[in-house]
């Protein structure tokens, strides 16, 4: 009979294969995007590969999104606490749009980069549009932007593909899936509750911080404190991790295929595997706990 650990590992591998198959199929069908006109010429795409954009992204729906984006208050919106996300949801729910309109709007963002708090406003507004949209699958393009968009996939419930590098993606994720075709920066999967995040590149520090459920698959490397304060869920890193892996971890699984710079001290629970071998809790630790419990029970008898 397979152990629980191998069951989880098999599930992670199946999830990874399914998402990779979907991504490969989509990449074979789509044509890469650049700017709609010379007005976007100042923003270089992340890839050196020759790219081109659909003939026209303008529409009434996209124009309405641009107007709504400009009306968003420029004050700081706390992605971690979500205190201002309702403002973005309110603006989005007034609009009529399709998934293609959201994709085209993301391309049009090249002209709006001078807006105050552009990176955060973009991430939260796109998140609101996706969450309130009538369709299940969405693609956003950010590889042509000069800054790194943050908080994409906030409280996500849909199937979202992010083309380009981002940071703090999937914060508070509630369901669905996020595929990042690039790097995901720090705080990937912050406080996520359910769903699947797959990152084709690297993630930064604090990946999966305070997550309570769901799965994060990282094809590249992870930074400092991967899985910090995890309360549940699973993280699979196919590359290396930095220092203090599992810091203050309480529950869940972390699986590292590459090298681990260091495992944190003071872990409260959960399991950490290095190249399919469990390194926390160690067998000796489990035996000590068993002996202690046995001794107490014997003393009480």
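The values are calculated or read from the model by the stated rules, or taken from the named source; none is laboratory data. Computed from a predicted structure; not experimentally measured. Methodologically, a virtual Cβ is constructed for each residue, glycine included, from the backbone with ideal geometry; neighbour enumeration extends over all protein chains shown.
Anything in segment 80-93 that is buried (at least 16 other Cβ atoms within 10 Å of the Cβ) and at pLDDT 90 or above? List them, or say none.
88, 89, 91, 92
A quick yes/no check of all residues on (1) crowded, with 23+ Cβ neighbours inside 10 Å; (2) within 19 Å of residue 269 (Cα to Cα); (3) modelled with pLDDT under 95:
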| residue | (1), (2), (3) |
| --- | --- |
| 177 | yes, no, no |
| 183 | no, no, no |
| 186 | no, no, no |
| 216 | yes, yes, no |
| 221 | no, no, no |
| 227 | yes, yes, no |
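Please enumerate the residues belonging to segment 147-168 that are within 21 Å of residue 220 (Cα to Cα) and touching a strand residue (DSSP E or B) at 6+ places or on another chain (Cβ under 6 Å).
Passing the criteria: 148, 149, 150, 152, 153, 160, 161, 162, 163, 166, 167, 168.
If you go through segment 191-200 one residue at a time, do you hit one that is buried (at least 23 other Cβ atoms within 10 Å of the Cβ) and farther than 19 Å from residue 253 by Cα?
No, the conditions are met nowhere in segment 191-200.
For segment 237-251, name all the residues that are under 11 Å from residue 210 (Cα atoms) and surrounded by 23 or more Cβ atoms within 10 Å (Cβ to Cβ).
246, 249
Among the residues of segment 132-146, count how many are within 19 Å of residue 93 (Cβ to Cβ), touching a strand residue (DSSP E or B) at 6+ places or on another chain (Cβ under 6 Å) and part of a loop (DSSP other than H, G, I, E, B).
Residues flagged as within 19 Å of residue 93 (Cβ to Cβ), touching a strand residue (DSSP E or B) at 6+ places or on another chain (Cβ under 6 Å) and part of a loop (DSSP other than H, G, I, E, B) within segment 132-146 amount to 1.
Taking strands (runs of 3 or more DSSP E) that do not extend beyond segment 229-280, which have at least 1 residues that are touching a strand residue (DSSP E or B) at 6+ places or on another chain (Cβ under 6 Å) and on the phi > 0 side of the Ramachandran plot?
Qualifying strands (runs of 3 or more DSSP E): 231-237, 251-256.
Could you tell me whether any residue of segment 163-170 is touching a residue at least 60 places away in the same chain (Cβ under 8 Å), surrounded by 20 or more Cβ atoms within 10 Å (Cβ to Cβ) and under 9 Å from the mean Cα position of the chain (by Cα)?
Within segment 163-170, one or more residues are touching a residue at least 60 places away in the same chain (Cβ under 8 Å), surrounded by 20 or more Cβ atoms within 10 Å (Cβ to Cβ) and under 9 Å from the mean Cα position of the chain (by Cα).
Residue-wise test of (1) in contact with a helix residue (DSSP H, G or I) (Cβ under 6 Å, 6 or more places away or on another chain); (2) modelled with pLDDT under 95; (3) not in a loop (DSSP other than H, G, I, E, B).
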residue: 27; (1), (2), (3): no, yes, yes
residue: 43; (1), (2), (3): yes, yes, no
residue: 47; (1), (2), (3): no, yes, no
residue: 50; (1), (2), (3): no, yes, no
residue: 54; (1), (2), (3): no, yes, no
residue: 73; (1), (2), (3): no, yes, no
residue: 78; (1), (2), (3): no, yes, no
residue: 95; (1), (2), (3): yes, no, no
residue: 116; (1), (2), (3): no, yes, no
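I'm told residue 291 meets every condition in (1) at pLDDT below 95; (2) in a strand (DSSP E or B) except one. Can you identify the failing condition by its number?
(2)
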